[in-house]
Amino acid sequence: MSIRILPDHVINRIAAGEVVERPASVVKELVENAIDAGATRVEVATAGGGKSLIRISDNGCGIREPDLALAVERHCTSKLPEDDLSQIGTLGFRGEALASIGSVARLSILSRHAEEPHAWQIAVEGGRRSETVPASHSGGTQIEVRDLFFATPARLKFLRSDRAEATAITEAVKRLALAHPEIRFTLSGSDRTTLDLSAARGESGALERMAQILGAGFRDNAMPIGGEREGVLLSGYAGLPTFNRANSLQQFIFVNGRPLKDPVLAGALRAAYSDVLARDRYPVLALFIDLDPADVDVNVHPAKMEVRFRDPGMIRGLIIGTIRDALAREGFRSASTGGLATLDALRDRAAAGSFTRPPEPGTSPAWRSWADPAQTVAPDVSSAAYGASPEAEAPRPAMAEAGFAEALSAFAVLDRPSADARAHVQPAPEHLLARPLGAARAQIHENYIVAQTGDGLVIVDQHAAHERIVYERLKAGLEGRAVQRQMLLIPEVVELPEEDVGRLLARSDELAEIGLVVESFGPGAVAVTETPAILGRVDAPKLVRDIADDFAEWDASTRIRERLDHVAATMACHGSVRSGRRLRPEEMDALLREMEATPQSGQCNHGRPTYVELKLSDIERLFGRR
Amino acid sequence: MKVTIERANLLKALNHVHRVVERRNTIPILANVLLRAEGGDLFLKATDLDMEIVDRVPAMVEAAGATTVPAHMLYDIVRKLPDGSEISLETGEGGTMTLRAGRARFSLQMLPDADFPDLNAGDLPTSFTLPSPVLRRLIERTQFAISTEETRYYLNGIYFHVLGGERLRAVATDGHRLAKAEVEAPEGSAGMPGVIVPRKTVGEIQKLLEDPEGSVEVALSDSKIRITVGAVVLTSKLIDGTFPDYERVIPKANDKILTLTKADFERAVDRVSTVSSDRGRAVKLSLSEGRMVLVVNNPDSGSATDELAVDYEAEPIEIGFNSRYLLDIAGQLTSEDAVFKLADAGSPTLIQDQTAEGTEADALYVLMPMRV
């Protein structure tokens, strides 16, 4: 068969395969067009998971009549004014989207440019373009895509269920909406519940939009992120370590307003949180990187999900550094959802039939709880006590007496609270109440410190909290001084690919500073002559290979630091107050004060909170007072 | 099988063999000890597949035969029986062996003796005899330096080899320090291959060498070693690897000679290292004419300084060491004075006993400094 140039409609369909992968990518391309057109309102409507209909209306600048016919042609765009691919200021630039969509679907564009007397309409069906005809439209552009992939049945077969495609569209719209809080987005259709994201302007706008998309909890558990290095600006909000998820779906990174799924950036995020989060948990965040378009190549991926930076190491450093700073600054905060989760747990148990009761005059001050009230208390009391009727809140004295006596007799077999060490019998001093973690009031179960704050109560896990404090102290000590190095009698020769050897040797000074000395040993090997003394006997080959891999992938390695920190963590665990140790009131207060002063004391080394806070309002809600 | 045996004899034999048996096994029979009654003897054998120990004790054999029973349990039972009791062992129907002593009676689950693994030593071409204390000293001087790091498995043992047909030498190193001890080569050791004896085997051999009067027979090939001490025979696999060329790391030209009283030095190091943290216990030694200053600096807790009068005439030097390594080595030295031969703060240091003019120390230690 002879070689020939493919006809245009085939070329378009091949291109469509890259750009238009599924309905969500159509929505992404068209919404990006709307944003590039300067719209302040974007409405998206879909049906059948976007397979049967996608309609996108905006109030952007619109398209002039003579441009309409060109717009649906391949490689036609209004977005590269200087024909300079290094200065891309818009989301789109390839000039492919409309042509690609037109070649695989029934596309119709209805648009009115401000300077046109009326609107114009054009339709493309499977690559065949109709004439431009006059039409009626109030302003902006409305694009309808029907029967997506009708021209390429093979692709149609590979689509997922309507529901899955509809969800993907929602995700695509959310991603773009996060980056553009000033635009109002509505997403509706027969296949979904309507999503209406009202425009939010100003300082708080971005956070407002994030709360709309990432959930209201994000607002209370986010730290503002701000950093700049060599003209690269990093902004946005990152979640507290204790506000984490089991997957990375709630991580959004934008480069010049463009949502990305970039493995390099994901790695940087993991490194930034490595110290405060277990490896299989992911922080929630939305970060914006803004830099000179000349320093980033977006022309890497047809759907522009990945980009290439001129200096990826610097971007990585910026992300890690800025987030770590924020973590150190906000570190002692712990997720407020801890308190909410506590409330939920209490409510659940109440619903399941057990309840907690406030102390009554004449009985022991300790709270008693028992698993099955029906066995110890007359049933009417148990049900009534939790009911909302006011007189049930104070059970009849006789009943209460009887109930309590029985409760005591049944008590031995039940969960017995350990004797509490009381901190202050007198009212808590005012100046302590004003502190973030309040004044220690008691220790319960020999592990939890209950503290009173101005507007609530705080429960502290003494072991987790003290472990973190000792850990941070040891770590600070390690960072401040040179690492002692044990010289090796017999250098360990590690064989490596040549390029790894080059990378390691190029940074040997940096490695020596943290205790690892490597020397050249022929083209394909390095000799390790000194190792960090604190690590004891190390598996040098494995360590060196891991570092080489890190250099190859990230251009940086935190591995030795991590190992040193790990030693510190182990020492911290041994050197901290165990649970089961009774603390004197002064010790409890000292621990609370130290937590307030220690960066990142809000969570243990695995991202679990070291304390939970219950606001007075939460407690009142628990008792139905609000 | 039916035998009657003195408790003391059985206990001594079990003492030798039961240590080889690992506490947790994936192969059930490895938890057992093999008992074989033959002629006037009871043979006991235990193995972990890398090493086996066989012991023989006199017994009254009424019916010859063999079986295997759980080693640690048998040992514990015999240990708890009253002194001087007579123990009878009898295999019965239903897969159990009955142990009787006085009025106590135990039934132990058996596993068939035919399944018990054999190490199969094969041909052991080299063999020689040494006085027990000599081999014991070789082991004691070097054992502490054996590496525990799994990646360089060839350092997980003591390297025994013969030098020029004259010296039998033992060497161990963990990459931070090295210990070398040697004795006159015994007759028959001339053609001996260099062998690396694994750490666990070294420990077991050492326990067999308690008799100061006894002698020990050593037989070996390049993959197995057999040690015979009286009735006890220990056979072990050797580490299949090449020991590094250690001679190169032993410095020859260290010219700064330091002589000090070992006991004083040990106490001073121990004293100043009190302030160091758990890991990386660096102690800095500053040497000047006739004087050593020991300094430990721990930014977390404080610092310590001590001073010793020493015999030193070379130019002043400052050098750091891991204090634990210093104490380990000092603990091995036998003479009253210790000799250090130093070059500079970044080169290996030689430590040995003070010897009379013209004689060489039989043990030598090399220690790598720390950068502090």
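The values are calculated or read from the model by the stated rules, or taken from the named source; none is laboratory data. Please read all numbers here as calculations on a predicted model, not as lab measurements. Reconstructed Cβ throughout: ideal geometry from the backbone, glycine too, with neighbour counts over all protein chains shown. Side chains included, ligands, DNA and RNA excluded: accessible areas come from the protein's heavy atoms. Shrake-Rupley method; radii C 1.70, N 1.55, O 1.52, S 1.80 Å.
Among residues of the stretch B:139-154 being of a type in the set (Asp, Glu) and within 14 Å of chain A (Cβ to nearest Cβ), the one that is least open to solvent (accessible area, probe 1.4 Å) is B:GLU149. Would you say A:GLU492 is touching a Pro at 6+ places or on another chain (Cβ under 8 Å), open to solvent by 50 Å² or more (accessible area, probe 1.4 Å), within 14 Å of another protein chain (Cβ to nearest Cβ) and outside any helix (DSSP H, G or I)? So A:GLU492 fails the test. Name the residues in the stretch B:362-372 that are part of a loop (DSSP other than H, G, I, E, B) and either within 21 Å of A:MET487 (Cβ to Cβ) or within 12 Å of another protein chain (Cβ to nearest Cβ) (or both), would you? Across the stretch B:362-372, the qualifying residues are B:MET368, B:PRO369, B:VAL372.
Taking the stretch A:453-487 as the range and being hydrophobic (A, V, I, L, M, F, W, C) and in contact with a Ser or Thr (Cβ under 7 Å, 6 or more places away or on another chain) as the test, the residues that pass are A:VAL460, A:ALA464, A:ALA465, A:ILE469, A:VAL470, A:MET487. Can you name the residue in the stretch A:472-488 that is touching a strand residue (DSSP E or B) at 6+ places or on another chain (Cβ under 9 Å), open to solvent by 40 Å² or more (accessible area, probe 1.4 Å) and in a loop (DSSP other than H, G, I, E, B) and, of all such residues, is modelled with the highest pLDDT? Going through the qualifying residues, I end up with A:GLN484.
When each of B:ILE205, B:ILE227 is tested for being within 15 Å of the chain's Cα centre (by Cα), closer than 20 Å to B:VAL21 by Cα and free of Cβ contacts under 8 Å to residues at least 40 places away in the same chain, the lone residue that passes is B:ILE227.
Among the conditions (1) farther than 23 Å from A:LYS261 by Cβ; (2) at pLDDT 90 or above; (3) assigned to a helix (DSSP H, G or I), A:ILE169 misses just one, which is (1). For the stretch A:309-327, the count of residues that are within 30 Å of A:ILE101 (Cα to Cα) and at pLDDT 85 or above is nonzero.
Taken as a whole, the condition of being among the charged types (D, E, K, R) and within 12 Å of chain B (Cβ to nearest Cβ) applies to A:GLU513. Tell me, which residue of the stretch A:608-626 that is within 20 Å of A:ALA464 (Cβ to Cβ) and either β-branched (Val, Ile, Thr) or open to solvent by 70 Å² or more (accessible area, probe 1.4 Å) (or both) is modelled with the lowest pLDDT? Top of the filtered list is A:ARG608.
Is the stretch B:204-211 home to any residue that is within 14 Å of another protein chain (Cβ to nearest Cβ) and either crowded, with 23+ Cβ neighbours inside 10 Å or closer than 19 Å to B:GLN332 by Cβ (or both)? No, that holds for no residue.
For B:THR359, the conditions (1) away from chain A (no Cβ under 14 Å); (2) under 30 Å from B:ARG169 (Cα atoms); (3) touching a Ser or Thr at 6+ places or on another chain (Cβ under 7 Å) are fulfilled apart from (3). Which members of the stretch B:155-175 meet the condition of being within 12 Å of another protein chain (Cβ to nearest Cβ) and either surrounded by fewer than 23 Cβ atoms within 10 Å (Cβ to Cβ) or of a type in the set (Lys, Arg) (or both)? Of everything in the stretch B:155-175, those that are within 12 Å of another protein chain (Cβ to nearest Cβ) and either surrounded by fewer than 23 Cβ atoms within 10 Å (Cβ to Cβ) or of a type in the set (Lys, Arg) (or both) turn out to be B:ASN156, B:ASP174. Scanning the stretch A:1-36 for residues that are open to solvent by less than 30 Å² (accessible area, probe 1.4 Å) and outside any helix (DSSP H, G or I) gives a single hit, A:VAL20. Of all the residues that make up the stretch A:428-465, how many are under 27 Å from the mean Cα position of the chain (by Cα) and assigned to a helix (DSSP H, G or I)? Result for the stretch A:428-465: 2. Of the strands (runs of 3 or more DSSP E) contained entirely in the stretch B:251-356, those carrying at least 2 residues that are open to solvent by less than 20 Å² (accessible area, probe 1.4 Å), more than 14 Å from every other protein chain (Cβ to nearest Cβ) and at pLDDT 90 or above fall at B:256-261, B:282-288, B:291-298, B:337-342. Taking the conditions (1) within 14 Å of chain A (Cβ to nearest Cβ); (2) in contact (Cβ under 8 Å) with a residue 40 or more places away in the chain in turn, B:GLU247 satisfies each one other than (2).
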